[in-house]
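Participant: Before I ask anything, let me first share the structure, which is written out below as structure tokens.
Values quoted throughout were computed directly from the atomic coordinates according to the rules given, and no laboratory measurement underlies them. These numbers were taken from a predicted model, which means no experiment stands behind them. Heads up, the Cβs are rebuilt from the backbone with ideal geometry, glycines too, and the neighbour counts pull from every protein chain shown.
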Amino acid sequence: MINLTLNGMEIKVEKRTTLLEAAKFYGIEIPALCYDEALSPYGACRLCLVEIGTGNHSRLVSSCTYPARDGLIVRTHTERVIKARKLLLELYLATCPSSRTIQDMASKHGVTTVRFKQKNEECILCGLCVRMCAEQMQGKAIGFVNRGIKRRITAPFAKKSEECRLCGGCMYICPACQARCQGPQEENPVCNACLNLSPPCLDYFQEAMCYMDPCVACELGTGRKAKFTY
Amino acid sequence: MEERTRTDLENLKKPNGSSVVSLLQEVQEKYNYLPEEILREIAKERDIPLIDIYSVATFYKAFSLAPKGKHKIVTCSGTACHVRGSEKVAREISRVLGIEPGYTTKDGLYSLENVNCLGACALAPLVVVDGKYHGNVTPAKALELFKMYTVHEKEEKEEAGCRCATAKELAK
Amino acid sequence: MNVLHMRLKTPDDLDKLRDDIRQKQEKDKSFLAVCGGTGCSSSGSEKVREVFQQYLNRHNLKKKTTLKFTGCLGLCERGPVVIIFPQGIFYQKVQESDVEEIIEKTFLKGEIIERLLYQDPVNGEKFIYADDIPFLKKQKRILLGNNWLMEPTSIEDYISLGGYQSVVKALTKMTPPEVIAEIKKARLRGRGGAGFPSGIKWQECYDAVSKQKYFICNADEGDPGAFMDRSLLEGNPHSVLEGLIIGGYATGASEGIIYVRSEYPTAVKNVKTAIAQAENLGLLGENILGTGFHFKISVSTGAGAFVSGETTALVAAVEGRLGEPRQKPPHLVERGLWGKPTVINNVETLANVPYIISYGAENFLRLGTEKSGGTKIFSLVGKVNNTGLVEVPLGMTLREIIFDIGGGIKNGKKFKAVQTGGPSGGCLPVSLLDSPTDFEKLNSAGSMMGSGGMIVMDEETCMVDIARYFLRFLEDESCGRCFSCREGISRMLEIVEDITRGKGSVEQLELLKELANVVKDSSLCGLGQTAANPVLATIRYFEDEYFAHILEKRCPAGVCRDLIRFSINEELCQGCDLCLKKCPGEAIRGEKRQPHTILGDKCTKCGICLETCKYNAVVKI
Ligand SMILES: Cc1cc2nc3c(=O)[nH]c(=O)nc-3n(C[C@H](O)[C@H](O)[C@H](O)COP(=O)(O)O)c2cc1C
Ligand code: SF4
Ligand code: SF4
Ligand code: SF4
Ligand code: FES
Ligand code: FES
């Protein structure tokens, strides 16, 4: 067992527990976009930040990847954490506004304005689909390509993958490919559209296979052709 | 698949399992790019998911998935080169060739590349043409370098075959 | 005697071999050192050497002297450099046509050839001997010093200069804890960037329990504008091997790996040669010099990614995977290469080890500052008169380095800033010129020591443009995993680009600062955590320049394309047509011998007109 301090509580957790798991276990909510219980943690979305250490030596780390260690002092909701989280959510909204998950999360954290230029990307590169495909579907059909700002998710050579079994797992888990909320309409103040927001592709597309670049779901909606560039 | 690539592949299959990166380095060295069918073959032979190979091939700068041009022009944009005006030089070259860095001209003659430091910063700004270093380049010098080059290339084209050594006079 | 075919079985064998080589070399104390470093090679030193060789052969002078094709001598901009020993006469910018004269006059008769001497860029004073040149005189070259005296690929040269003595000392007279204690006492700190105390790192690895441990030498040198590691590996590869062997002995590692970037083909070649030579002699491999210590070294080449220089990413890259950093902990001593305890040190760090072991920690400490011993190599480049490599005791002030060694700013311009620490560092203004170069001082000034790039900037360098430059570099070089790093850098770049285009606002500048701090706080690895430094440091010291761009839509340094324009001063213009002919945008109009004008909308702002005009009639506003 490992002893550590979480938001002032002395707690004990099993070896190999991550800080996010520990916090969850003790009922502390930490937002996360790239984490799923069934998949290995990846640490890409950076929303699950927590502050470790004290004084001048404290720093922020992603709780989903940081292992619990003896004597660690963890605080999950400090001013520094909240500030970083809010700005990141603002960035998410500015980058990938169509996702309901992101919209909900932003409003929950009180992020209401976006000061950055608006982009309209379909993918936040959380990597959930990649891990889903590899770890749960034994597919290894899709993955990251390029690096830095050019990073994308795609199948090899941006072609239909031979490994893909069209299981739809990647689409199921994606937090980003959802139809955009249109806001309440005049004649129907409660639109309930949120209830129906889910990837439309599975209903429409028998041969659905998500290369994510951009995802077929979004292509359906926008009528755009997939464009692959290197 | 061609007979040639087959035998090449045999050579690439090392007994003690060299890493994906070093395999790709060998392929890159051999063909000057990474042909798709070879990557697919490696994936099969080595039982590595193709996507992993593809990820590595696109992550590192030394690899290219498209064939390179006959002449390779590299502009350096290290910090030292930048403060001495390499951006202007790169822009001129790019404009003359009509391609962005990372691309090859349509006729397959020139590939333009921009790297982040060649490690000869004392001579900044640097332009390397087919492995030959040109130091202290200015936009005007770059154009001159270029003109001589293209004239040279045109003459070459009229004759058969290529003896296109780097234009020595350009070094001055 | 062919060294490559003998195997040294005991330390005494090595001593004997050294005596033999020295005796043999005694005869040719006079030799010609032609620099074969990258800088000089680019300026044609290989040809010069060839001509030397031919001339010596033809005139039967081969017995009288040896020709050595050495590693970088430091003053790369003056290349090709030739030094004539034993006197140490220093000739610069040597051309093929000078060879005959050098041999006939200087080598045979001892006459000096004026025009090839080094001339001080400021006061015009000429110097004959290498040791007198201020650039070299003020340095303390414990790592680079031997570059002059040896061929990098000759293990004989290295051994005759006392090479591998420190390995013998460590292996036969010291226990691993004693070696570590010595390194700790010397306060050797990592030269790769962060400045972590190497002794502590070694200790942790020594304490780790495992049958197999690895020691990696980081020669990825991705920092743009820096080439120290390159010169060490190319010019003196054996010193790095020696450090690696000692490191392996101290930490209990039995395998060393040198990870070199593939952009450095000569370094790769020279290191491989050195390894083969050392193995042949029994200085590497099984049972080194009969001491019972086994250590082998292999080379792994990088495929071009700055982020792979980060330790966890480096391990991934050596394993052949995507060179992407991962969460620490687990640290590398817990789970490193192939899951085994691993230490990673920079090339320069390791090159310091033989010195410490041979000469003792006291001597090493006498060089640096209180908190860190030894010297540091900087690559002094940019708008400075003497560009090249300088090795100085830690703690020397920036002013001494830039003005006394570097000879001040090029073309009599005014100093504006010096950038240290590469993409993770910052720009320091005039007011900090007197601060010493040590890890703490540079950190507290908002920059860092980094790997040793030192880029000097003058009044014609725009600081906003520098921020933009580094952001663009990082946007491309980040691995892209963390949203904060990938998107954060790209958004910072977006704002800074707007500013350079005159489209920024004060609110955006505030947002930039806010974002910069968040990127710093929330990214996973060192790249993201320091990515904001170039921005924050330039804002901290040069905020007025940001405001000039934002409020006055003006680039004070005349760099930002969208804010400058070229025009012709009619009074000075002679109508010579030179610029008109050269202008690639066909933007210049005017009759011959009449003042010309530039059409703003066609001008590509390449500045060629300014460069070509002989009458200084073209101005940038
Ligand atoms: C993005 C990034 C790039 C780095 N690149 C290099 C490099 O090219 N060479 C190097 O020696 N260290 C580099 N480092 C530092 C290493 O991570 C590490 O600190 C160093 O190699 C340790 O050796 P030292 O203790 O001897 O300095 C880099 C760090 C980061 C975060
Ligand atoms: S649909 Fe294809 S790509 Fe998506 S998870 Fe399934 S196998 Fe993988
Ligand atoms: S496609 Fe969806 S699941 Fe996959 S990385 Fe992008 S946002 Fe995440
Ligand atoms: S901080 Fe940047 S470079 Fe480092 S792991 Fe994250 S995305 Fe990659
Ligand atoms: S959940 Fe931890 S970084 Fe995304
Ligand atoms: S390369 Fe010759 S002095 Fe540096």
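Participant: Enter the per residue convex hull volume of the range A:128-173, computed from alpha-carbon coordinates, in Å³ rounded to the nearest integer.
Facilitator: Expressed per residue, the convex hull around the Cα atoms of the range A:128-173 is 71 Å³.
Participant: Please state the shape class of the range A:90-152: rounded when a/c is under 1.5, otherwise prolate if a/b exceeds b/c and oblate if not, all from the C-alpha gyration tensor.
Facilitator: Oblate shape, in that a/c is at least 1.5 and b/c is the bigger or equal ratio.
Participant: Here is a further query. Ranked highest first by the average count of other Cβ atoms within 10 Å around their residues, in what order do C:532-539, C:138-145 fall?
Facilitator: So the order, starting with the most tightly packed, is C:532-539, C:138-145.
Participant: Once R0 is set to 25 Å, what does the formula 1/(1 + (r/R0)^6) return for the Cβ-Cβ distance between residue A:165 and residue B:44, expressed as a FRET efficiency to the nearest 0.05?
Facilitator: Calculated value: 0.85.
Participant: Taking each residue of C:218-231 in turn, how many C-beta atoms of other protein chains fall within 10 Å of its C-beta, and what is the average?
Facilitator: 4
Participant: Another question, if that's okay. When a/c is below 1.5 the answer is rounded, else prolate if a/b is larger than b/c, else oblate, so apply that to chain C with a ≥ b ≥ c taken from the square roots of the Cα gyration tensor eigenvalues.
Facilitator: Since a/c reaches 1.5 but b/c is at least a/b, the shape of chain C is classed as oblate.
Participant: For the range C:430-485, which semi-axes, largest first and in whole Å, follow from the square roots of 5 times the eigenvalues of its Cα gyration tensor?
Facilitator: Calculated on Cα positions only, the semi-axes equal 25, 17, 9 Å.
Participant: Give me the inter-chain shielding for B:134-140: mean count of other chain Cβ atoms within 10 Å, whole number please.
Facilitator: 5
Participant: Hey, can you rank C:72-82, C:461-471, C:192-202 by average C-beta count inside 10 Å, highest first?
Facilitator: The densest-packed peptide leads the list: C:72-82, C:461-471, C:192-202.
Participant: While we're on this one: Translational D (Stokes-Einstein, µm²/s) of the range C:463-551 at 4 °C and 1.567 mPa s when Rh comes from the Kirkwood sum over C-alpha pairs?
Facilitator: Once the numbers are plugged in, D ends up at 103 µm²/s.
Participant: Then there is this: With each run of n ≥ 4 DSSP H residues scored as -39500 (n - 2.57), what mean residue ellipticity at 222 nm is computed for chain C after dividing by its residue count and rounding to the nearest 500 deg cm²/dmol?
Facilitator: Mean residue ellipticity, 222 nm, calculated: -11500 deg cm²/dmol.
Participant: At each listed q (0.16 Å⁻¹), what is the log10 of I(q)/I(0) that the Debye formula gives for the range C:482-621 modelled as equal alpha-carbon point scatterers?
Facilitator: Relative scattering, expressed as log10 I(q)/I(0), comes to -0.81.
Participant: In addition: Any idea what Rg and Dmax come out to for the protein assembly as shown if you just take the C-alpha atoms, in Å?
Facilitator: That works out to 29.9, 104 Å for Rg and Dmax.
Participant: Suppose every K and R has +1 on its Cβ and every D and E has -1 on its Cβ; what is the size of the dipole of the protein assembly as shown about the Cα centre, in Debye to the nearest 20?
Facilitator: 520
Participant: With Cβ to Cβ distances under 9 Å as the rule, what net charge do the other residues near residue C:457 carry (K, R +1; D, E -1)?
Facilitator: -1
Participant: Just to check I understand the Karplus step: with θ = phi - 60° and J = 6.51 cos²θ - 1.76 cosθ + 1.60, what whole-Hz values come out for the range A:131-147, glycine and proline as x?
Facilitator: Values per residue, Gly and Pro as x: 6, 4, 4, 7, 8, 9, 9, 6, x, 6, 9, 10, x, 7, 10, 6, 9 Hz.
Participant: Once you average over the residues of C:610-618, how many Cβ atoms of partner chains fall within 10 Å of each Cβ?
Facilitator: Mean partner shielding for this stretch: 1.
Participant: Continuing with this model, one more query. I'd like the Kirkwood hydrodynamic radius of the range C:79-136, using the inverse of the mean 1/r over distinct C-alpha pairs, in Å.
Facilitator: Its Kirkwood hydrodynamic radius stands at 11.5 Å.
Participant: Report Rg/Rh for the range C:375-458, rounded to two decimals, where Rg is the Cα radius of gyration and Rh the Kirkwood radius.
Facilitator: Radius of gyration over Kirkwood radius for the range C:375-458 works out to 0.91.
Participant: How many angstrom separate the Cα center of the range C:202-274 from the Cα center of the range A:76-142?
Facilitator: A separation of 40 Å, based on Cα centres.
Participant: Turning to a different aspect of this structure: Summing Lys, Arg as +1 and Asp, Glu as -1, what charge do residues with Cβ under 11 Å from the Cβ of residue C:82 carry, residue C:82 excluded?
Facilitator: It works out to a net charge of +3.
Participant: May I ask for the distance between the Cα centers of the range B:27-102 and the range A:17-41, given as a whole number of Å?
Facilitator: Using only Cα atoms to place each centre, the spacing works out to 39 Å.
Participant: Please compute the contact order of chain C in relative form: average sequence separation of alpha-carbon pairs under 8 Å and at least six residues apart, divided by the residue count, as a percent.
Facilitator: Once normalised by length, the contact order is 11 percent.
Participant: Follow-up question, since we're still on this one. How high is the FRET efficiency between residue C:366 and residue C:287 when r is their beta carbon distance and R₀ equals 22 Å, given to the nearest 0.05?
Facilitator: So, using R0 = 22 Å, E works out to roughly 0.05.
Participant: Rounded, prolate or oblate: which fits the range C:155-365, taking a ≥ b ≥ c as square roots of the Cα gyration tensor eigenvalues, rounded meaning a/c under 1.5, else prolate when a/b beats b/c?
Facilitator: rounded
Participant: As an exercise, use a Förster radius of 22 Å and the Cβ-Cβ distance of residue C:319 and residue C:211 to find the FRET efficiency, rounded to the nearest 0.05.
Facilitator: For R0 = 22 Å, the calculated efficiency reads 0.70.
Participant: Give a quick list of chymotrypsin sites (Phe, Trp or Tyr not before Pro) in the range A:2-38 that DSSP marks as loop, anything other than H, G, I, E or B, with at most 13 other Cβ atoms within 10 Å.
Facilitator: Of the chymotrypsin sites (Phe, Trp or Tyr not before Pro), the ones in loops of the range A:2-38 whose Cβ has at most 13 other Cβ atoms within 10 Å are A:26.
Participant: With the contact rule set at Cα under 8 Å and sequence spacing of 6 or more, what percent relative contact order holds for the range C:38-149?
Facilitator: So the answer I get is 26 percent.
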